[in-house]
Structures are given as structure tokens and as C-alpha cells.
Amino acid sequence: MNLPTRRKEMMNRLLKEQVVKTVLAMIHEGTPVTMDKVAFRCGVSKGTVYNYFKNKKDLLNTVHEAVIIPIKKGSNKIFEKNIPPMEKIYGFVGNVFDFQKEYPLYFKFIQSQRSAADAVTERMEVIIIPLVNVCREGMRQGAFVDADPYVMAAMIFGTVVGPLESLTYREDALQDLEKLKQEIVRFLDKSILKQQERSL
């Protein structure tokens, strides 16, 4: 690859990274995301933005991919570790809360921009199926209550993500996230661990 081509690819990558950071900052601020505003904040023309993204949907898909890939990698690392199944669940909870701290309004925003079918498909691939496998492992080892692993995985997902989705509607939205995380862990312990495992 010659130098001008490498330079152009590097500039393309840098501009796309700048656009992603800009959109995430706008979401965090509660600023409406439009192609005009993104271009202005990046210091480029709107036409330049359109050179990289066909439309706002394409732009938001790129931002979402940039956000979701690290979440997938982080979750996969947790789920593939050689640790007890409940430790994997705790790791998943920690991963979700770490993301919430870094991008507090992201999922509320992105869910308003995507179809329900896209959200369900992604949730199944990224979270539910890996959780199903952890639940099966916990049941095989006799640590988890015996239940349908898909029901248990969906319950875990709802228990962890549900309270975060409701934060903007709650009067105590500024409550300590660590306290909320501990409440969720306590609830999960009571819900999925067998009685003899809880007393350990």
C-alpha cells in the first residue's frame, strides 16, 4: 500500500472516530443528533459527513457498532473465563454497570432510533444466548435452581438492565449506582442460586 493511500485511510479512520465521539458527547448532553450538528461539531462540512455516512441511520449504526463491539468483547471474556457460573453473572452485572457509568444515556437514545426487531436480535446474540449457556452450566453443577435456561437468562437480563432503563424516570435517579448494583446482585442470588449455595 502506497503512502497516499495509507494517509487517506488514516484520515478516514480518524474522522469516523471523531464523529463517533461527537455523537456520544451529544447524546450525553441531551443535544439532538442531526447531520448538520454533527458536521458543525466536527468542524467539517455536512457534505463531508455524507461522504462517510449515507444518512443519519447509517451514522447511528456506525456509532452503535463502535459502542457495542467493546461490550461484546467484555462480555465474551467474562463468559469464557474458567470461573463458577455465578461469578460470571456477577461479572456481567459489573460490565453492564461500568457501561452505564461511561455512557449514561446511550441505550435510552439508541433504542428510540432502532427497530424493536433489531434490538431483540442484538439482545439475543450479545446477551441472552451467552447467559443461557451460563445458566445451563450453573444447573449442571447443581448451583442454580432447575428452570428453563431461556427464562432464567431473560430474567437475569431484565433484572440487570431494567432498573438502568428506568433511571431517567425515577425520582431517585441520582442514587448511588453501586448501591443499585448490590441490590440487583442480592436479588439474583435469591432468585437463581439453590438454597444450599446461598448460605455459603
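The values are calculated or read from the model by the stated rules, or taken from the named source; none is laboratory data. Note that the coordinates shown come from a computational prediction; the quantities given were computed from them, not determined experimentally. For neighbour counting, all protein chains shown are included, and Cβ atoms are generated from backbone atoms with ideal geometry for every residue, glycine included. Heavy atoms of the whole protein, side chains included, go into the accessibility calculation; ligands, DNA and RNA do not. Shrake-Rupley method; radii C 1.70, N 1.55, O 1.52, S 1.80 Å.
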Query raised in the report: Yes or no: Val23 assigned to a loop (DSSP other than H, G, I, E, B), touching a residue at least 12 places away in the same chain (Cβ under 8 Å), under 27 Å from Glu9 (Cα atoms) and open to solvent by less than 70 Å² (accessible area, probe 1.4 Å)?
Result: no
Per the list (1) among the aliphatic types (A, V, I, L, M); (2) under 30 Å from Ala143 (Cβ atoms); (3) at pLDDT 90 or above, residue check on Val38 breaks on (2)
Restricting attention to the range 138-157, the residues that are under 13 Å from Leu193 (Cα atoms), within 24 Å of the chain's Cα centre (by Cα) and open to solvent by 40 Å² or more (accessible area, probe 1.4 Å) number exactly 0
